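What follows is a single structure, written as structure tokens, with notes after it.
The values are calculated or read from the model by the stated rules, or taken from the named source; none is laboratory data. All values derive from a computational prediction rather than experimental measurement. Virtual Cβ from ideal backbone geometry, glycine too; neighbours counted across all protein chains shown.
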Amino acid sequence: MAVDKNWREKELSLKEVINKYPDVSPFIIIKTDAQRRGVDYTEAALSRVDVNVHQTVTRSFAVERSDQVDHSPFSLLLRDGTSILTGRDMVEGYRDPLVVDVVDDKIMILDDGEPLEEVFYWEKPDFYDKFTSSGKPMWHIAWARPLRIDLNPNQYCQFWETPGHGCKYCAIAATYKKSDKEQFVDLQDIDETVHEALKQPGRFTSIFLTGGTILDGEQLLDAEVEQYIQILKRVGRNFNGKRFPSQLIGTAFNKQQLQRIYDETGLMSYTADIEVLNEELFDWICPGKAAKIGYQEWKDRLYQAVDVFGRGYVNTGLVAGVEMATPKGFQTEEESLGRILEEAEELAKHGVSAVACVWNVAPGSMFFKQRTPSLEYYVKLSKGLDALRRKYHIHIDMDNYRRCGNHPDTDLSRV
Ligand code: SF4
């Protein structure tokens, strides 16, 4: 999609949104817009990348082929510790991206030529330069956020095996087909990589797992459950079998499967992403999830997960903004916010936290020609989700700005 040259005339600017919402940290508003519009780097900004120090796109899960070289920074930090998770695959959107440049010898993020804030490139963890005993570079096995070890043990999702069942905003199938990575990451390699990563003093505070859905098994999803149990058992050896700071984003497992994970591993928190908080839109946007599990059952499984893991330890992720995708999405931002927050409140009453990821229109997804909502919409949504957590006394420590850093709404929990 080509950039609409007049898009700035159709919505409040970043500066105007910052001024209109003095109760929301400007760092979080900048982050939200960067994740919505993407970020581009000038040559001067790229010249400040030191591959010996910084985490680059080449050494990340975002790289499709192991021989691909892209030394742009993988993501950014603001000076208050707010992370901006951004890639370089959003620059052809409806709006032009924010720009990272060097101004007065500082690396700054700019909008429309105006410097907004100093930014810092994420540092590379020590384990990225090490190898497993099977000879694989450890950065192939795990990647890192500033304080979190991330594992993606399955690079594919079985919903795509049935035509029309993939989620419409998701590019996992297109990415996997272009990739030279193996579908499954080897268990022994994971074991050795996590053990090595944990040796770095002061770096990591939690471990995170996610991967594509595996429908197989005696009961639906048993194979996915078994995969995570085996990994968590291995990782748990580093913690003497005790419960350890960890999060799993999996498919919506049934109560028996959830109980098994809780009993057999040290997993601390569980997330099953419902993606969009409206049944009709869920059926349209996530047809595989709708066909195999269903919207109401997905919610029931989240409630059952609270019985197993406890309040504050069960979340559900939203691809915030897809609820306004055309032609079936909500027509106005006002209606959309009202309907989404109403459903989020129902979840909160049951102890489940809804956390939003800013939808960026991914190339290779069915929604690649769609347009994301305004920045103001995202600010209002973040405030609404944060307010619900406060109203229902649900803490978000396992998904906050330090452990995850991907959700503007959970960033608000630090104030
Ligand atoms: S469940 Fe949906 S969003 Fe998740 S990997 Fe599969 S298709 Fe993509």
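What about Asp104, is it within 21 Å of Asp80 (Cβ to Cβ), in contact with a Lys or Arg (Cβ under 8 Å, 6 or more places away or on another chain) and among the acidic types (Asp, Glu)?
Working: within 21 Å of Asp80 (Cβ to Cβ): yes; in contact with a Lys or Arg (Cβ under 8 Å, 6 or more places away or on another chain): no; among the acidic types (Asp, Glu): yes.
So Asp104 does not fit the description; no.
Looking only at residues that are under 17 Å from Val57 (Cβ atoms) and crowded, with 19+ Cβ neighbours inside 10 Å in region 84-97, which one is modelled with the highest pLDDT?
Of region 84-97, the ones under 17 Å from Val57 (Cβ atoms) are 84-92, 97.
From what's left, crowded, with 19+ Cβ neighbours inside 10 Å: 84-86, 90, 97.
Values: Ile84: 96, Leu85: 92, Thr86: 80, Met90: 51, Pro97: 93.
It comes out as Ile84.
Can Ala344 be described as away from the ligand (no atom under 16 Å from the Cβ), in a helix (DSSP H, G or I) and over 21 Å from Phe253 (Cβ atoms)? Yes. The single residue among Val63, Val49 that is part of a loop (DSSP other than H, G, I, E, B), modelled with pLDDT of 70 or more and either assigned by TED's automatic domain parsing to the domain that holds Ile107 or surrounded by fewer than 20 Cβ atoms within 10 Å (Cβ to Cβ) (or both) turns out to be Val49. Scanning region 273-291 turns up one or more residues that are closer than 29 Å to Arg234 by Cβ, crowded, with 22+ Cβ neighbours inside 10 Å, in the same structural domain as Glu346 (by TED's automatic domain parsing) and out of contact with any Phe, Trp or Tyr (no Cβ under 7 Å at 6 or more places or on another chain).
Got a sec? Which of Phe208, Phe204 is in contact (Cβ under 8 Å) with a residue 12 or more places away in the chain and either part of a loop (DSSP other than H, G, I, E, B) or of a type in the set (Asp, Glu) (or both)? Result of the check over Phe208, Phe204: Phe204. Picking from residues in region 183-215 that are among the polar types (S, T, N, Q), closer than 25 Å to Met398 by Cα and away from the ligand (no atom under 15 Å from the Cβ), the one that is surrounded by the most Cβ atoms within 10 Å (Cβ to Cβ) is Thr193. Tell me whether region 367-380 contains one or more residues that are more than 19 Å from the chain's Cα centre (by Cα), outside the structural domain of Lys15 (by TED's automatic domain parsing), more than 30 Å from Ala174 (Cβ to Cβ) and assigned to a loop (DSSP other than H, G, I, E, B). No: zero hits.
List the pairs whose first member sits in region 251-267 and is of a type in the set (Val, Ile, Thr) and at pLDDT 95 or above, whose second member is within 16 Å of the ligand (Cβ to nearest atom) and assigned to a loop (DSSP other than H, G, I, E, B), and whose Cβ atoms are under 6 Å apart, counting only residues at least 6 apart or on separate chains? Short answer, once both residue conditions are applied: Thr251/Thr213; Thr251/Leu221.
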